[in-house]
Amino acid sequence: MTAALHKANSGPRHLSGYRIMWMLVTFDLPVETKTQRYAATRFRQRLLDIGFEMSQLSNYLRFCSGKEQFESYARQIESILPEWGDIYIFQFTDRQYENIIRFSDQARKRRKKNPDQLALF
């Protein structure tokens, strides 16, 4: 192994804005019957339980430290899918997240602060 390659592969792992990711789970679940409402509510609660935050009623966001963690959360979501409805999972890099433009009540809002960089042990 060359000295330069060894140096690049040692030491603390730096989180790049192109490596760290965001997950957006968006869904359209039926709520016509009591059973369907229960399933939709339970799905939302379980997303909160695994660390997502509600952006809108059917849109939940979560920060991921990389592709591996994204895949892990995607598998967790797959294991809690309700019987009915459509669920989509989007992934985008932290750099792409920085460019999101948000409007609320006809006014442009400042973007949310990204979480502080994580220390990996």
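Checking the condition at pLDDT below 90, of a type outside the set (Val, Ile, Thr) and over 17 Å from the mean Cα position of the chain (by Cα), which residue from Ala3, Ala39 passes?
Ala3
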I want to confirm something. Restricting to region 29-43 and keeping residues that are among the hydrophobic types (A, V, I, L, M, F, W, C) and part of a loop (DSSP other than H, G, I, E, B), which single residue is most open to solvent (accessible area, probe 1.4 Å)? Val31
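Looking at Asp86, is it open to solvent by 90 Å² or more (accessible area, probe 1.4 Å) and modelled with pLDDT of 95 or more? Write out each step before concluding.
Details: open to solvent by 90 Å² or more (accessible area, probe 1.4 Å): no; modelled with pLDDT of 95 or more: yes.
So Asp86 does not fit the description; no.
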Identify all residues within region 44-74 that are open to solvent by less than 40 Å² (accessible area, probe 1.4 Å) and either of a type in the set (Lys, Arg) or in a strand (DSSP E or B) (or both); write none if there are none. Asn59, Tyr60, Leu61, Phe63, Cys64
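Answer with yes or no whether Arg108 is farther than 21 Å from Arg46 by Cβ, open to solvent by 60 Å² or more (accessible area, probe 1.4 Å), modelled with pLDDT of 85 or more and outside any loop (DSSP other than H, G, I, E, B). Break it down stepwise before answering.
Numbers: farther than 21 Å from Arg46 by Cβ: yes; open to solvent by 60 Å² or more (accessible area, probe 1.4 Å): yes; modelled with pLDDT of 85 or more: no; outside any loop (DSSP other than H, G, I, E, B): yes.
Taking the combined requirement at face value, the residue does not satisfy it.
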Residue count for region 21-62, restricted to those that are of a type outside the set (S, T, N, Q) and in contact with a strand residue (DSSP E or B) (Cβ under 6 Å, 6 or more places away or on another chain): 15
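The values are calculated or read from the model by the stated rules, or taken from the named source; none is laboratory data. This is a predicted model, so every value here is computed, not measured. Neighbour counts are summed over all protein chains in view; Cβ atoms, including those assigned to glycine, are modelled from backbone coordinates with ideal geometry. For the accessible areas, the whole protein counts, side chains as well, though only heavy atoms, and no ligand, DNA or RNA atoms are used. Shrake-Rupley method; radii C 1.70, N 1.55, O 1.52, S 1.80 Å.
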